[in-house]
Amino acid sequence: MPAERIADRIFLADAIAAAEGCSPPFSDVVVRRPNFVSSPPPVDGGCGGSVRAAAPGEYVNAVSRITVLHDAVVQEWDALLQSGPEAAEARATGATLLHCLDRAGFIQREPGEPSQVGYGIGSGDAALNNAAQRCSDDTGYGSGTAAQRLRTLRSVLGRHESEINDIARLRPVLQRGARPGSGPERTRFGLPL
C-alpha cells in the first residue's frame, strides 16, 4: 500500500472527509519526507464539530471506533520510534541534518543535546527552515526519515490486523452518514445557499 494512502485505506479518512465536507483526517499517519518550510496539515482535517454532532449515532460510533484505533496505533508508533534501535537510527540520521546546518553557518541556539528544537527549526526563522529543507534533501535525511517512519508504521499496523479488518467493514456506515449538499461547496461565505 502506498504511504500516502494509509490514512484512507486503514482509517477511512477519505470516507470521513466526504461525509463531513472536510479535509481528510489522520494526517499524522501519512508518511512523507519532512517539510521544514510549511506547516503540516491539521491532524483532524477540520472534521468534527456541528456536522458530526448532527450525524446519526451509528456514524458517530463508527468514527469513534476508528479514532480509538488511530490513537492506539499512533501511540505505539511514537513509542517504537523513541526506543531502542529506532531511536538510535533517528539520532544518527538527525545528526547528519544538524551537521549540514553547522556547515551552512547555523548554530545551536539552546544549551543541551543537539536537536532540531535546539537549533530553532520550526521557530519561524525562514532562512533556517529553508536551510533545513535543503540539508534534508541533500543529505538524505528526508528520505531516510520517511523510510524509517513507513517501516515502523507498517510494523505497528501489522499488530492490529484484526482491528483494521473490522474498521474496513465500517465504510458503508460512513458512506450512509454522508449528507448530500452539506460540504463546503454548498455554502457561500459560510452560509447555506
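The values are calculated or read from the model by the stated rules, or taken from the named source; none is laboratory data. If you're wondering where the values come from, they're calculated on a predicted model, not measured in any experiment. We place every Cβ from the backbone using ideal geometry, glycine too, and count neighbours over all the protein chains shown. Each accessible area value is taken on the protein alone, full model and side chains, heavy atoms only, with ligands, DNA and RNA left out. Shrake-Rupley method; radii C 1.70, N 1.55, O 1.52, S 1.80 Å.
Tabulated data
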read-out: Answer residue from segment 47-66, given it is in a helix (DSSP H, G or I) and of a type in the set (A, V, I, L, M, F, W, C) and is surrounded by the fewest Cβ atoms within 10 Å (Cβ to Cβ) among those; value: 53
read-out: Checklist (1) in a helix (DSSP H, G or I); (2) under 30 Å from residue 131 (Cβ atoms); (3) not acidic (Asp, Glu) applied to residue 32, failing item; value: (1)
read-out: Test set (1) among the hydrophobic types (A, V, I, L, M, F, W, C); (2) in contact (Cβ under 8 Å) with a residue 24 or more places away in the chain; (3) in a helix (DSSP H, G or I) - residue 106 fails condition number; value: (3)
read-out: Top-ranked residue of segment 29-42 - restricted to ones that are surrounded by 13 or more Cβ atoms within 10 Å (Cβ to Cβ) and not charged (D, E, K, R), ranked as modelled with the lowest pLDDT; value: 41
read-out: From 26, 11, residue being open to solvent by less than 60 Å² (accessible area, probe 1.4 Å), of a type in the set (Phe, Trp, Tyr) and over 27 Å from residue 141 (Cα atoms); value: 11
read-out: Qualifying residue in segment 156-164 (condition: within 18 Å of residue 33 (Cβ to Cβ) and open to solvent by less than 40 Å² (accessible area, probe 1.4 Å)); value: no
read-out: Subset of segment 133-172 (residues that are more than 30 Å from residue 121 (Cα to Cα) and basic (Lys, Arg)); value: 159, 169, 171
read-out: Whichever residue in segment 99-150 is of a type in the set (Asp, Glu), open to solvent by 60 Å² or more (accessible area, probe 1.4 Å) and closer than 25 Å to residue 28 by Cβ and, among such residues, is farthest from the chain's Cα centre (by Cα); value: 113
read-out: Which listed residue is outside any helix (DSSP H, G or I) and among the small types (Gly, Ala, Ser), from 118, 112, 94; value: 112
read-out: Boolean, residue 82 is open to solvent by 60 Å² or more (accessible area, probe 1.4 Å), out of contact with any Lys or Arg (no Cβ under 9 Å at 6 or more places or on another chain) and either of a type outside the set (Asp, Glu) or within 25 Å of residue 39 (Cβ to Cβ) (or both); value: yes
read-out: Hits in segment 69-98 - residues which are of a type in the set (S, T, N, Q) and either closer than 29 Å to residue 25 by Cβ or in contact with a Leu (Cβ under 7 Å, 6 or more places away or on another chain) (or both); value: 75, 82, 83, 93
read-out: All positions within segment 104-119 that are at pLDDT below 95 and of a type in the set (Gly, Ala, Ser); value: 112, 115, 118
